[in-house]
1. In this structure, does B:Ser58 turn out to be at pLDDT 95 or above, within 14 Å of chain A (Cβ to nearest Cβ) and in contact with a helix residue (DSSP H, G or I) (Cβ under 7 Å, 6 or more places away or on another chain)?
2. Identify the residue in segment A:61-84 that is polar (S, T, N, Q) and surrounded by fewer than 15 Cβ atoms within 10 Å (Cβ to Cβ) and, among all such residues, is farthest from the other protein chains (Cβ to nearest Cβ).
3. Going by what's in this entry, would A:Glu226 be described as surrounded by 11 or more Cβ atoms within 10 Å (Cβ to Cβ), of a type outside the set (S, T, N, Q), assigned to a helix (DSSP H, G or I) and at pLDDT 80 or above?
4. Which residue, of A:Val93, A:Val119, A:Val89, is away from chain B (no Cβ under 14 Å) and modelled with pLDDT of 95 or more?
5. Tell me the residue from B:Ala160, B:Ala166, B:Ala105 that is within 27 Å of B:Ala251 (Cβ to Cβ) and touching a Ser or Thr at 6+ places or on another chain (Cβ under 9 Å), please.
6. So how many residues does segment A:30-54 have that are farther than 30 Å from A:Phe241 by Cβ and within 14 Å of another protein chain (Cβ to nearest Cβ)?
Amino acid sequence: MCYRVGGRTIFDGLDITARRGRITAFMGPSGTGKTTLLRLITGQTQAERGSVQVFGNEVSTLSTRELFAMRRRMGMLFQNGALLTDLDVYENVAFPLRAHADLPEPLVRQLVLTKLHAVGLRGASRLMPAELSGGMARRVALARAIVMDPDILIYDEPFVGLDPISMGVICRLIKDMNEALGITSIVVSHDVQELASIAHDSFLLSGGRVVASGTPEELNRSELPEVRQFMGGLADGPVAFHYPASNYREELLGGEGEAR
Amino acid sequence: MNAGSDSLPVVAVRRVGAMTLFLLQVLARIGPAFTRPGLIVRQIYNAGARSLVIIMLSGMFVGMVLGLLGFDVFQRFGSEDYVGVLAALGNLKVLGPVLTALLFAGRAGTALTSEIGLMKSTEQLTAMQMMAVDPVRYVVVPRFLGGFISMPLLAATFTAVALYGAQLIGVQQMGVDAGAYWSQTQNAVDLRDVWEGVVKSLVFGIAVSLVAVYEGYHSEPTPEGVGLATTRTVVISSVLVLLLNYLLTAAFLTTH
């Protein structure tokens, strides 16, 4: 699959398969298009060439109705949770149920409380999103993402900005959701250690292509410089420390006018 | 295409076209939106009830100024009784709907734009799309309807308070005879004048609400983008209201 935007190539000949019932991790440095990949999978944008298939259907050929039907079988956890700020925790989790299923209120309540209990926030059901910490907001968003019992759960940078305890909680929840519910999980992140502890398959993206794939252990053993730099968190390497610039010495000695 | 290099008329035509298409999108979803009346009622409260204080205060001051000005002018001709006529016709036909729309754009329009813009920048609209929920139907239409329904009610409130303000100055303070004041007003004001104000406030309600939700929905999802969109709401709404006021006034005069 190839994807370009504004004349810039984001993906060039990308070939990835996320297998059913497994946790697949997409890793890579910032700006490699990990979130764009999720947008392609969920039909928010379309590939320039090639194919993106979900549930055996070509995403780019789906009508709006079919796309929405596909999304009902998916759940997505956004970077910041993306909770609806005018609804409390309970109503946020109930939102997809009220939108898509004409269920009696007692059943809605049962489903919402079950999902909130699964993420440990049943007691926070009447709090507003502004009253939640970052980790709590993400757990509520996870409860909302699973309330329709999706077949695929997508996590966009689930660990960003979280303290170690919250990170551990989210890690455990991703693993639990996968094992207990058999949900196919796709996780996009650059937190190597966390992903290594939960992912079955990993893909390392860089420069618009997959530079390495396999289990986290296999990636750790790789000798490829891109993989070693990313997995080892090295400041310099194939991904340069310095943004491309003119000669440092010439620019320093060339006067203020040129520097600007 | 770089919009920044286009001339102002091209940008204006493009924006009018985009807004018209957006209005059609909104209109196509109005029926289903009424299946959740709670959402609309909440927006009427946000856009209408919360604007009441500023509308009533402004109406009172505008009415009082008209009372003073009218008395000053008419007393030169010995026709102080006509102060009520000036206040009634001026408020019903022009000042009520126009000033309410301008205040509404500044108070409720900016709130609508920034709220939708912030929802966009915090990915709430994308999250809805990912939950297979149409954000135009759930977010935009109730807010548009809330604004559209509130506008005529606010304009009526503004006009009523302004008439009271003019009476307060003309009759209570300046001593114009109350009977003459009200009878002259009653004789001069036709149902058609009331109708003109109602039509204007309905049209302004559509215009301001549409601009506000359009700018919010199409804002850049950044703090700067939301700020710019909010500014555009005030600027475009204000110019549009004044332009539409001219066109509607001319139309009513020619059909008189």
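The values are calculated or read from the model by the stated rules, or taken from the named source; none is laboratory data. Please read all numbers here as calculations on a predicted model, not as lab measurements. Using ideal geometry, Cβ is built from the backbone for each residue, glycine included, and neighbour counts are taken over all protein chains shown.
1. no
2. Pass one, segment A:61-84, residues polar (S, T, N, Q): A:61, A:63-64, A:79-80.
Subset that is surrounded by fewer than 15 Cβ atoms within 10 Å (Cβ to Cβ): A:61, A:63-64.
Details: A:Thr61: 18, A:Ser63: 13, A:Thr64: 9 Å.
So the residue we want is A:Thr61.
3. Spelling it out, it is not the case that A:Glu226 is surrounded by 11 or more Cβ atoms within 10 Å (Cβ to Cβ), of a type outside the set (S, T, N, Q), assigned to a helix (DSSP H, G or I) and at pLDDT 80 or above.
4. Among A:Val93, A:Val119, A:Val89, only A:Val89 is away from chain B (no Cβ under 14 Å) and modelled with pLDDT of 95 or more.
5. The unique qualifying residue is B:Ala105.
6. Initial filter on segment A:30-54 (farther than 30 Å from A:Phe241 by Cβ): A:41-54.
From what's left, within 14 Å of another protein chain (Cβ to nearest Cβ): A:41-45, A:54.
Here the count works out to 6.
Residues are listed down the side, and each one gets a yes or a no for (1) of a type in the set (S, T, N, Q); (2) surrounded by fewer than 24 Cβ atoms within 10 Å (Cβ to Cβ); (3) at pLDDT 95 or above:
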site	(1), (2), (3)
B:Met151	no, no, yes
B:Ala162	no, no, yes
B:Gly175	no, yes, no
B:Thr185	yes, yes, no
B:Asp193	no, yes, no
B:Val203	no, yes, yes
B:Val208	no, no, yes
B:Val213	no, no, yes
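Rundown of residues vs (1) crowded, with 18+ Cβ neighbours inside 10 Å; (2) assigned to a helix (DSSP H, G or I), yes/no style:
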position	(1), (2)
A:Glu194	yes, yes
A:Ser202	yes, no
A:Leu205	yes, no
A:Ala212	yes, no
A:Asn220	no, yes
A:Phe241	no, no
A:Leu252	no, yes
